[in-house]
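Just so you know, all these numbers are worked out from the coordinates, no wet-lab data involved. Please read these numbers as outputs of a predicted model, since none were measured by experiment. Cβ atoms come from the backbone with ideal geometry, glycine included; neighbour counts cover every protein chain shown.
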Amino acid sequence: MVVRLLDAVASDFASMSASDLKQSIASAEGRTVAMEAICTDQSPVEGVSHGEIGAAMGADIVILDRYDSLKPVIQGAPDWVIEDTAPLARYRELLGRPVGVNLIVADAEQGASLGGRLATAPHIQRIIDQGVQIITLYVRPKMGGTLDMMLESASTLHELGDNRVLLIGVPSFSKPAPRTEPQMRDYQYEVEALLQSGCDGIGLPMPGSKQGWEPAHAAQLIDAIHTQNGLAWLFLTGSVEGAPTSVMAQLALMSKQIGADACRLDEAGLSGMPPPENILAFSLALRGQRHTYRRMAASIRR
């Protein structure tokens, strides 16, 4: 039986397949907290990495932004992590948490500057070999990325991942929020297509952090995701992840009310991560002291 994420410890996370992790998150009933960090930036505390700070404050999952599989960098991590042929696997051991990265769908020529962050088959295989457990797949229309290209990348990831990588597809946020019926149908089509192409879940903007996104509209899309047996992730973005802690409590409760399975605090706080106190405040509001302090206190040797 898969351990629900609320009760999982480092040894549980280390042995989870993608389907196990998906079930573990789903069984936590909306009480999963993830954080994103710009791994090429210095963390706000010397001598440790962003992910270590986030894990200490109660984050269940750490997502690394700007991680380049061609030139791996995780600022603040020990040398033995980065010098290993599987740096993401070693970083997972260091944190005792699932670790993910962002990959970007773009035209090969226009997206050449992305390096190993570009979602090509060789880059996907390399990052899997480096030990990634979660991939968040984005598309950049301004770099020539299209939905069809994104669906192809999702299928490639699903095939190469072979149940080792949890795949979260992110519809483009560059188009208007789904405030009309045609706009909602457009988002619903994209959600369904991504899930049918191999995504395990869908990432959406958390209402309150992206202009025009209302709780009712997000809830409708979350219902569509759940109908397709996907995980619904809400991303706290737009620098609102750096708002006062009182805002974190409001957004956490709203996210649970509209049905989110997991919430991710993005990296635009200070020094390439959400403020540590906001991770704690969000977790306390979402799941209380009992589960928050257990996550903070549990040894990585468990």
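Length gain on complete extension for the stretch Y293 to Q110, per 0.36 nm per residue less the alpha carbon to alpha carbon distance?
On the way: separation 183, 0.36 × 183 = 65.88 nm, distance 4.53 nm.
Length gained, Y293 through Q110: 61.4 nm.
Spin-label point model (7 Å from Cα, Cβ direction): what's the T40 to D148 distance in nm?
Result for the modelled spin labels: 3.1 nm.
For the stretch 259-302 and the stretch 6-83, compute the distance between their C-alpha centroids and round to whole Å.
11 Å
Which order do peptides 280-286, 213-219, 107-113, 168-174 fall in by mean Cβ count within 10 Å, highest first?
Values: 280-286: 23.1, 213-219: 17.3, 107-113: 12.6, 168-174: 20.9.
Ranking the peptides 280-286, 213-219, 107-113, 168-174 by packing returns 280-286, 168-174, 213-219, 107-113.
I'd like the projected area of the chain, averaged over all directions, using the convex hull of its alpha carbons. Report it in nm² with one decimal. Working shown, then result.
Working: hull surface 55.2 nm².
That works out to 13.8 nm², a quarter of the Cα hull's surface.
Which order do T136, T40 fall in if you start with the one that has the fewest other Cβ atoms within 10 Å? Walk me through the numbers before you get to the answer.
Values: T136 24, T40 15.
So the ranking, lowest neighbour count to highest, is T40, T136.
Over all directions, how big on average is the projection of the convex hull of the alpha-carbon atoms in the stretch 3-102, in square nanometres? Intermediate values should be presented prior to the final figure.
Numbers: hull surface 24.8 nm².
Computing the convex hull of the Cα atoms and averaging its projections yields 6.2 nm².
For the chain, what does -39500 (n - 2.57) per DSSP helix run (n ≥ 4), summed and divided by total residues, give at 222 nm, in deg cm²/dmol to the nearest 500?
On the way: 11 runs with 124 residues, N = 302.
-12500 deg cm²/dmol, from helical runs alone.
Looking at the chain, what % of its DSSP beta bridges pair antiparallel, to the nearest 5?
Values: 1 of 35 bridges.
The antiparallel proportion sits near 5 percent.
Sort Y293, Y187 so that the residue with the fewest other Cβ atoms within 10 Å of its own Cβ comes first and the one with the most comes last.
Working: Y293 14, Y187 22.
Placing the least packed residue first, the sequence is Y293, Y187.
Determine the distance separating the Cα centre of the stretch 211-234 from the Cα centre of the stretch 93-166; give it in Å without decimals.
23 Å
Taking the radius of gyration and the Kirkwood hydrodynamic radius from Cα positions alone, what is the Rg/Rh ratio for the stretch 175-225, to two decimal places?
On the way: Rg = 10.6 Å, Rh = 11.2 Å.
Rg/Rh for the stretch 175-225 comes to 0.95.
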